[in-house]
């Protein structure tokens, strides 16, 4: 049994909850971050000095950084199909995990904060439009990748699909057109057939 610290409307926490459901990893969850606070309290900061969620406790082992956590959990539970031991396949998955956090989200974050968390009268429209255009270019890379295969890394659903799937939900929920991204949208619909994706990821944006 692991303990997950984090709020259920955080996409990085949703990533963990989705994964745990897929691999039958038992967990308990403690609300932290956002409206719940907690993550700036001394008890939490002793566990994660970054003051961010998610954080997991697995016995005496503490781990933060969402993509490090999903790699760990997939390995712990022997989820070979989600995170294969073949080095080249694993490196391909790792590449997309790193790209999701290091490239897509930093650009898409401006759109998300501007459209979801900022009152309309206070929005920086130019900044949002610029970020939208840059984010569109990034999703076009995924669109091209999906022309040849049903999932990001080939024929098999992997951690790469989970990492990008949580952002794809937000991308389409914020108004991206399926006509502009036909292969991406078909892939997204394929993810939406998974019960855990609907349960943990397809939630109102806040």
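Using the Cβ-Cβ distance between residue 148 and residue 43 with R0 set to 45 Å, the FRET efficiency works out to roughly 0.40. Percent of C-alpha pairs per 5 Å bin in segment 96-199, short distances first: 2, 12, 24, 24, 19, 11, 6, 2, 0, 0.
So how much slack lies between residue 76 and residue 101, counting 0.36 nm per residue of separation and subtracting their Cα-Cα distance, in nm?
6.8 nm
Descending by average beta-carbon neighbour count within 10 Å, the peptides 93-100, 15-22, 122-129 line up as 15-22, 93-100, 122-129, the highest first. Give, to the nearest whole percent, the P(r) tail of segment 102-146 beyond 14 angstrom, counting all Cα pairs. Result: 49 percent of Cα pairs exceed 14 Å. Dividing the mean sequence gap of close Cα pairs (under 8 Å, 6+ apart) by how many residues the chain holds gives a relative contact order of 22 percent. Quick one, what does Rg over Rh come out to for the chain if you take C-alpha atoms and the Kirkwood Rh? Rg divided by Rh gives 0.96.
Helices in the chain, meaning DSSP H runs of at least 4 residues, each add -39500 (n - 2.57). Divided by all residues, the mean residue ellipticity at 222 nm is -16500 deg cm²/dmol.
Here the scattering of segment 2-76 is modelled by Debye summation over its C-alpha atoms, one equal scatterer each and no solvent; at q = 0.13 Å⁻¹ the log10 of I(q)/I(0) is -0.32. Dimensions of segment 35-89 from C-alpha coordinates, computed as largest minus smallest value along each principal axis and given longest first, are 41, 22, 17 Å.
Extending 7 Å from Cα along the Cβ direction at residue 31 and again at residue 58 yields two label points whose distance is 2.7 nm.
Just so you know, all these numbers are worked out from the coordinates, no wet-lab data involved. As the structure is a computational prediction, the values presented were derived from the model and not from experiment. So basically every Cβ, Gly included, is an ideal-geometry build from the backbone, and we count neighbours across all protein chains shown.
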